[in-house]
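Written out below as structure tokens is the structure these notes cover.
The values are calculated or read from the model by the stated rules, or taken from the named source; none is laboratory data. Since the model is a prediction, treat every value here as computed from it, not as a measurement. Virtual Cβ from ideal backbone geometry, glycine too; neighbours counted across all protein chains shown.
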Amino acid sequence: KTGDFNPTRAAKVVEYAMDFLDRTLPLVRPGHARVTHYTVVDRSSLSLTLKDGSQTALLNPAAFVGYRGDPQTPSALLLCHHGLHIELQIDPAHPAGKFHPAGVKDLLL
């Protein structure tokens, strides 16, 4: 095993992560793999832009509990499912972030 970045593996990991989010934090209009932009509205709710330009939201808006960075371009989103927190880390410049249309690079549980 080398420390080199493996793009094939990264694409599969991102796909798995989006499937996980679809199961645990579903959207009104699915799915997480189609999200191109996350925006925090009024510091209390999350708006998601899909590839077709339409907007969607979490099926359970109360699952959004916080963010880091600029509300228009957050670097992280904190979500909660059954009392367990999930941090979506967003960085379109990161090698893994390039495999997701909104730049999701990691999920921390």
Practice item. Could you tell me which numbered condition Ala33 fails, if it satisfies all but one of (1) under 21 Å from Pro7 (Cβ atoms); (2) modelled with pLDDT under 95? Key: (2)
Exercise for review: For residues that are in contact with a strand residue (DSSP E or B) (Cβ under 6 Å, 6 or more places away or on another chain) and at pLDDT below 95, scanning just the stretch 66-104, find the one that is farthest from Arg34 (Cα to Cα).
Suggested key: His94
Check your understanding: Within the group Leu84, Leu78, Leu88, Leu59, which residue is in contact with a His (Cβ under 7 Å, 6 or more places away or on another chain) and not basic (Lys, Arg)?
Key -> Leu78
**Study point:** Any chance Gly66 is small (Gly, Ala, Ser), without any contact (Cβ under 8 Å) to a residue 40 or more places away in the chain, closer than 22 Å to Val28 by Cα and touching a helix residue (DSSP H, G or I) at 6+ places or on another chain (Cβ under 7 Å)
**Key:** no
Practice item. Any chance you could count how many residues in the stretch 33-60 are of a type in the set (Asp, Glu) and more than 17 Å from Pro101 (Cβ to Cβ)? Key: 1
Practice item. Quick one: which residue in Leu84, Leu25, Leu46, Leu79 is in contact (Cβ under 8 Å) with a residue 60 or more places away in the chain and not β-branched (Val, Ile, Thr)? Key: Leu25
**Study point:** Among the residues listed as Asp106, Asp42, Asp70, Asp52, the single one being within 11 Å of the chain's Cα centre (by Cα) and not small (Gly, Ala, Ser)
**Key:** Asp106
Practice item. Restrict the check to the stretch 52-59 and report whether at least one residue is over 23 Å from Leu109 (Cβ atoms) and in contact (Cβ under 8 Å) with a residue 40 or more places away in the chain. Key: no
